[in-house]
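Input: a single structure, listed below in structure tokens.
What follows is calculated from the coordinates using simple rules that are stated; it is not laboratory data. Predicted, not measured: the structure shown is a model, and the values here were computed from it. Glycine gets a Cβ as well: all are built from the backbone with ideal geometry, and neighbour counts include every protein chain shown.
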Amino acid sequence: MSIRTALLIGFTVAILCGCLRKEILDDINIESAVGFDEAGKEKIRGTVLIPVYKKGETANKTLTAVSPTAKDVLEELQYKTSEPLVNGSIETALYGKRLAKRGIFPFVNKFHRDASIGARLYLAVVDGTAERLLEGRYGRQGSGIYLSNLLKQNIEQRDLPKTNLHLFLKTYYADGKDPFLPYIRRVGEDVQVIGVALFRNDRMVDTIGRSDMFYFKIAADAYSEGTHTIRLNRQHYVSIKNISTKRTISFSGPKTRPHIHVHLALEGVVREYKRGAFTFDVRKSVEKTFEQQIRSKTAALLRRFQEKHIDPIGFGDLAASRYRQFRHRDFYKNYSHLPIRVTAEVTIRDTGIIE
Amino acid sequence: MASVAERLQVSPFMTFFVIVSMQIGVGVLGFQRVIAKTAGHDAWISVLLAGASSHLILIVLYWLLQQADGDFLLLHQRLFGRWVGGALSSLLALYFAAMAFVVLRTYIEVIQVWMFPDLKTWEFSLAFLFLCLYITVGGFRVVVGICFFCLIIPSYLLFTFWFVLDYTDFYQLLPILDHPPSTIVKAAKQMTLTMLGYETILLFYPFIKRGNQSAKWAHAALLTTTLFYALLTVLTLAYFSEKQLQRQIWPTLTMWKIVELPFIERFEYIGIANWLLIILPNVCLGLWCSSRICKQLFPVRQKTALLVIAAICFFSTLLIHDRKEVDFVNTILNRVGFYFLYIWIPCLAGITYIVKKVRGNV
């Protein structure tokens with residue numbers, strides 16, 4: 001009997017446990033993207049994007065608030081809505097260029113701490129202000145989905161190296177690697193990826209343009225699936241779809257000032273070649289030209305990183321895995337003078353379904 | 001041989017499930033940070049080391065059980081007399097009860113931080129302990145059944161670590177053995193809490209048919225958990241950068257944040273909810289062991305003892321309010337478990353050996 005009474009009490013308690021705060025989809029505002037901008041000294045402007053679901057299409061609503069840096073600007077926004085803001089499905093966080101130059105860590109750490117934010121959250125730096133970008137109307141599914149799809153597509157199939165919240169934090173905390181983020185811009189009613197923003201700690205210090213992104217991706221990410229067009233001579237171009245990339249970085253010499261050798265092996269197929277048959281000779285010359293371009297462009301990029309004293313490739317961490325008792329500080333003391341040699345090897349495997 | 005009716009016993013291979021499900025508890029959610037703080041990227045070696053040492057301790061446990069004809073409490077009494085032996089055994093009862101309580105409170109904290117910030121500790125604690133009581137009152141065979149299912153059902157969670165592989169840099173584990181051996185051993189010591197659980201064999205041994213045949217299953221269980229922990233540690237070390245890992249309280253849960261399935265946006269909620277099944281055998285077996293000792297020591301029925309112990313556990317969970325205190329009780333339990341297994345058990349074996357030499361029998 002006593003057991004039965006006990007069970008009854010247990011049952012009641014079990015039911016009572018359901019009495020927690022509910023979040024019914026129709027009664028909340030789901031943030032799909034957020035943006036942070038600098039708003040004068042010591043002030044931050046925060047913008048959230050909320051999709052408004054209507055029949056047939058999705059409209060967007062943006063809310064903006066300004067608050068002192070130390071205070072949570074997104075909390076401030078709660079005063080402006082009739083329904084509570086919920087941040088569990090933010091897919092993109094944007095940072096204005098001026099804020100990025102000042103340091104974005106406080107506004108990233110906020111997401112790091114929050115249990116309801118996924119590690120695949122995309123971060124990006126906006127040329128201009130995040131607020132203006134978020135105010136635009138893109139795509140039929142709502143701007144939030146548009147933005148995350150834009151970045152996803154460019155990472156998976158184009159030349160944007162893999163980035164997200166987890167990778168940003170991983171490289172931010174790493175001693176031997178610096179973070180980078182996509183650099184985007186609003187162009188009329190579209191958003192374009194215009195390059196990669198490079199960071200030292202949490203401050204943006206440099207950007208890479210679109211023409212160099214391919215070379216950056218093969219050096220930084222070791223995998224690229226983009227199509228790349230190279231110029232053979234004055235009038236002739238050939239488009240090559242990259243199938244696989246293998247990056248080998250080796251070190252030799254003392255651990256405080258090692259010689260670095262970057263070897264990039266690419267395999268690709270011809271996408272477009274307008275001038276006659278793609279013969280063996282043409283293939284050889286395309287491979288040669290491509291190799292030569294990879295060598296010079298990648299070497300130029302790496303030299304630029306050394307001059308700016310940033311390490312987005314992660315040479316420091318790679319060296320740390322090759323040398324015992326490695327000290328990052330000694331390595332970076334000499335970083336800008338380290339000799340880096342780049343070699344490339346391109347293999348064109350197929351010519352499509354025609355010869 | 002301690003007298004337990006055959007209808008209450010389980011087959012030897014069930015030892016495997018009982019030990020694995022008892023070992024895997026809340027420790028798995030966050031042990032990586034602690035050992036990586038000490039041994040850096042060599043922490044996985046510490047896990048293997050801790051596993052190897054627990055195999056040795058398990059051999060000693062079985063030897064002790066054989067000396068005492070399967071009844072560990074009897075050993076205490078024969079060696080130290082009725083009062084001192086009884087006192088030692090009741091400390092052991094307290095230890096198992098503490099284990100149930102610490103596991104439960106740590107799990108409640110995880111729910112509060114990750115899922116429901118406004119969940120009251122007492123609500124969950126009460127409901128969960130009633131469930132545990134219901135199971136434990138059914139006797140040891142029911143507890144073993146729960147151990148079995150609560151290992152099989154959540155085992156699919158292993159596959160989720162597949163998603164993590166996309167974001168791992170295994171070069172971060174190199175160079176191997178870059179840390180001094182002393183720190184690796186120290187990290188192995190910190191692994192104790194996560195490894196704890198196999199000492200329950202001391203109490204449920206009489207409930208196994210042909211008890212001496214269970215040794216190989218117990219060792220298989222230890223090997224399984226050790227390999228699982230080592231694998232998880234390797235993944236964690238490759239997934240996070242070193243300083244980033246130090247910021248995570250529950251690295252295993254944070255790793256789940258990267259999992260994305262077409263029909264599930266955020267996997268850690270499924271993971272945490274499923275973790276309840278992993279906690280369940282921990283608490284049930286803890287309560288059972290504790291009440292079993294009480295039954296043998298004092299003139300009480302096991303059910304009464306169970307109710308009292310569960311009540312104590314319940315009120316103890318209410319005393320812990322924040323992260324710091326949860327961390328504190330975990331550290332204490334870790335230390336007690338370490339001293340019990342690695343200091344007290346070898347000492348006891350030494351004493352038993354000497355007494356056996358002198359008296360001829362124990």
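Projected onto its three principal axes, the C-alpha set of the range A:211-292 covers 52, 22, 21 Å, listed from the longest axis down. Each peptide in A:85-93, B:284-292, A:27-35 was scored by the mean count of other Cβ atoms within 10 Å over its residues; highest first, the order is B:284-292, A:27-35, A:85-93.
Angle of helix B:268-297 to the longest C-alpha principal axis of chain B, folded into 0 to 90 degrees and rounded to 10: 10°. Taking every alpha-carbon pair under 8 Å whose residues sit at least 6 apart, the range B:200-279 reaches a relative contact order of 14 percent. Taking square-rooted eigenvalues a ≥ b ≥ c of the alpha carbon gyration tensor, is the range B:153-290 rounded, prolate or oblate, where a/c under 1.5 means rounded and, failing that, a/b exceeding b/c means prolate? Taking the square roots of the gyration eigenvalues as a ≥ b ≥ c, the range B:153-290 is oblate.
Test of understanding: ordering A:Y79, A:Y237, B:Y342, B:Y95 by Cβ neighbours within 10 Å, fewest first, what list do you get? Display every interim value, and only then the final one.
Details: A:Y79 8, A:Y237 13, B:Y342 16, B:Y95 19.
Ordered by Cβ neighbours within 10 Å, fewest first: A:Y79, A:Y237, B:Y342, B:Y95.
Straight-line cross-link partners of B:K120 among the lysines, defined as a Cα under 16 Å from its Cα and at least 8 positions apart when in the same chain: A:K22. Rounded to the nearest angstrom and listed largest first, the equivalent-ellipsoid semi-axes of the range A:24-208 from its Cα gyration tensor are 24, 19, 16. Mind running the shape call on the protein assembly as shown? Use the C-alpha gyration tensor, a ≥ b ≥ c as the square roots of the eigenvalues: rounded below 1.5 for a/c, prolate if a/b tops b/c, oblate otherwise. Note, shape of the protein assembly as shown comes out prolate. Of A:N233, A:N164, A:N60, the residue with the greatest mean-square motion in the GNM of chain A, using alpha carbon springs below 10 Å, is A:N233. Note on the range A:307-342 and the range A:67-133: Cα centroid distance 32 Å, given to the nearest whole angstrom. Could you compute the FRET efficiency for A:D190 and A:F11, with r as their C-beta to C-beta distance and R0 at 41 Å, rounded to 0.05? Efficiency, rounded to the nearest 0.05: 0.10.
Taking Cα atoms only, the orientation of helix B:140-152 departs from the longest principal axis of chain B by about 20 degrees. Here the scattering of the range A:222-355 is modelled by Debye summation over its C-alpha atoms, one equal scatterer each and no solvent; at q = 0.16, 0.21 Å⁻¹ the log10 of I(q)/I(0) is -0.82, -1.16. What you get for the range A:89-132, charging only the Cβ of Lys and Arg (+1) and of Asp and Glu (-1), is a dipole of about 220 debye around the Cα centre. Normalised by the number of residues in chain B, the average gap of Cα pairs under 8 Å and 6 or more apart makes the relative contact order 39 percent. Relative to the longest principal axis of the C-alpha atoms of chain B, give the angle of the C-alpha long axis of helix B:181-190, reported between 0 and 90° and rounded to the nearest 10°. The angle comes out at about 70 degrees.
Here are some pairs, A:K97/A:K333; A:K97/A:K162; A:K97/A:K177; A:K217/B:K257; A:K43/A:K177; A:K41/A:K101; which of them have Cα atoms lying more than 23 Å apart in this structure?
Working: A:K97/A:K333 29 Å; A:K97/A:K162 20 Å; A:K97/A:K177 21 Å; A:K217/B:K257 25 Å; A:K43/A:K177 30 Å; A:K41/A:K101 13 Å.
Going by Cα-Cα distance, A:K97/A:K333; A:K217/B:K257; A:K43/A:K177 fall outside the 23 Å limit.
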